[in-house]
Amino acid sequence: MKSKAAVLREFGQPLSIEEVEVEPPKEGEVLVKNAYSGFCHSDFSVIKGDIPLPLPMICGHEAAGVVEAVGPGVANIKKGDHVVATWMIPCGQCPNCLRGRGNICSTNMAYFMTGTLLDGTPRFKDAQGQPVLHEAFVAGFSEYTVLPQAGAIPLPSDFPLDQACAMGCCVPTGWGSVNNVAKIQPGNSVAVYGMGAVGLNTVAALANRNANPIIAVDLEGSKEDIAKEFGATHFIASSKEDPVPAIMKLTGGMQAEDGSWVSGGADFVFEVSGDPGALVQAYWSICSGGKTVVTGIPPAASSSELPLMLLALQERSIIGHLYGSISPGLDIPALVNIAKSGEMKLDKLIEKKFKIESINETIAAMDKRQIKGRWVCEWD
Ligand SMILES: [Zn+2]
Ligand SMILES: [Zn+2]
């Protein structure tokens, strides 16, 4: 069947809006008509080539829609079901999966990196009959897409599909980083660098765990209102003020005569922006014994010089994680139940809906840091 799609053909260039051919679902796969697809900062990193994936590729890894057809052997999902796609699919059998760490499944990470489904082939072809790859199993910016059945998480039919697409990336990544990775306790002092949709969900999850203070940091002062709406107790515009001394002061820091900090710093600092400079600032914002949680994915070519001695001498930690260390099939339905209470404020998260024809304007708006919350592509 034919499908409209946004194809990345060259890094750093606009996406090409094309009609692609979608093959029917094979064994253990489902065909989904997307209703809404979110534009995540990691898509922007893929488009720039900061996360280098093979091309041509249909971008997008945050999508929710309705099952159109199922392939042979699919028993738990049927036509008409509402589903949200996940961008990592545990194989269930590799050492990481057997340890309950399917978010870094070593078998399926290989297919993630090659842009195919789990048999090593894509389901899309362009007008010239050439194969087109899937970003992260999802290919969210195609109206129709084929997903492995374990990558299609069933949703309650009354859950709004525009909010449901956020359940595929920004909600589980933010909430998982707080609950699975940092294991925040009430009263922990925290800071979060980067108030995109993942950062806002991190703040919401920290508020849910009664962390205090919750210090939000973003280059753009215009993000203050939405950061506080989601639960931040303080906000620092890092383009106007150095966030490190500000966080030290807000966490009770005292300075020696030479200006060095003898106390202060947050128990946990989340770096969500993926910016290497912000990661260094995040490291300097933790207390002795504190933990830097690395959520944002820095560019592949980036490196950093951090003082190593303090890792041991002050028990400082830097913890990386992928996808909030969730088990998609278990944690996404649980998070959907929390979202149904309204506590996640997903209605406030979805700032704008756009049509696929204007996706390059959305990319430009993200480049200019003009997006507050999540912008989602509306297919109908
Ligand atoms: Zn994402
Ligand atoms: Zn696995």
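Each value in this text was obtained by applying a stated rule to the coordinates, not by laboratory testing. Values in this document were obtained by computation on a predicted structure and should not be read as measured data. In this analysis, Cβ positions are derived from the backbone assuming ideal geometry, glycine residues included, and neighbour counts consider all displayed protein chains.
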*Tell me, what does the Kirkwood hydrodynamic radius of the stretch 11-142 come to in angstroms if you use every pair of distinct C-alpha atoms?*
15.4 Å
*asked:* Could you give the length gained by full extension between residue 210 and residue 306, i.e. 0.36 nm per residue of separation minus their alpha carbon distance, to one decimal place?
replied: 31.5 nm
*For residue 116, which sequence-distant residues (separation of 5 or more, or a different chain) have an amide H within less than 5 Å of its own amide H, given hydrogens modelled in the peptide plane?*
134
*With +1 on each Lys and Arg Cβ and -1 on each Asp and Glu Cβ, and nothing else charged, work out how big the dipole of the chain is about its Cα centre, in Debye to the nearest 20.*
600 debye
*Give the dimensionless ratio obtained when the Cα radius of gyration of the stretch 145-232 is divided by 2.2 N^0.38 Å.*
1.22
*Compute the length gained on full extension between residue 55 and residue 157: take 0.36 nm times their separation in residues and subtract their Cα-Cα distance, giving the result in nm to one decimal.*
33.2 nm
_Per-residue counts of other Cβ atoms within 10 Å, averaged by peptide: what ranking do you get for 346-352, 153-159, highest first?_
346-352, 153-159
*Please work out the FRET efficiency for the pair residue 48 and residue 121, using the Cβ-Cβ distance as r and a Förster radius of 22 Å; give the result to the nearest 0.05.*
0.25
_For a Förster distance of 25 Å, can you work out the FRET efficiency between the beta-carbons of residue 367 and residue 240, rounded to the nearest 0.05?_
0.75
*Can you sort 225, 218 by how many other beta carbons sit within 10 Å, fewest first?*
225, 218
*At a Förster distance of 25 Å, what's the computed FRET efficiency of residue 16 paired with residue 106, Cβ-Cβ distance as r, to 0.05?*
0.15
*How far apart, in nm, are two points set 7 Å out from the Cα along the Cα-to-Cβ line at residue 222 and at residue 98?*
5.2 nm
*Convex hull volume per residue in cubic angstrom - Cα atoms of the chain*: 128 Å³
*Determine ³J(HN,Hα), in whole Hz, for all residues of the stretch 189-195 in sequence, where each value follows from phi through the Karplus function 6.51 cos²θ - 1.76 cosθ + 1.60 and θ = phi - 60°; x replaces Gly and Pro.*
8, 9, 9, 10, 8, x, 9
*Within the stretch 12-43, list the GluC sites (Glu not before Pro) lying in a DSSP loop whose Cβ has at most 14 other Cβ atoms in a 10 Å radius.*
27
_With θ taken as phi - 60° and the coefficients 6.51, -1.76 and 1.60, list the Karplus ³J(HN,Hα) couplings across the stretch 370-380 in order, rounded to whole Hz; mark glycine and proline as x._
9, 8, 10, x, 10, 9, 10, 7, 9, 7, 9
*Would you mind computing, in nm to one decimal, how far apart the modelled labels at residue 315 and residue 9 are, each placed 7 Å from Cα along Cα→Cβ?*
5.7 nm
*Taking all pairs of distinct Cα atoms, average 1/r, flip it, and tell me the Kirkwood hydrodynamic radius of the stretch 173-322 in Å to one decimal place.*
15.0 Å
*asked:* Which residue fluctuates most in the GNM of the chain (Cα springs below 10 Å): 66, 74, 83?
replied: 74
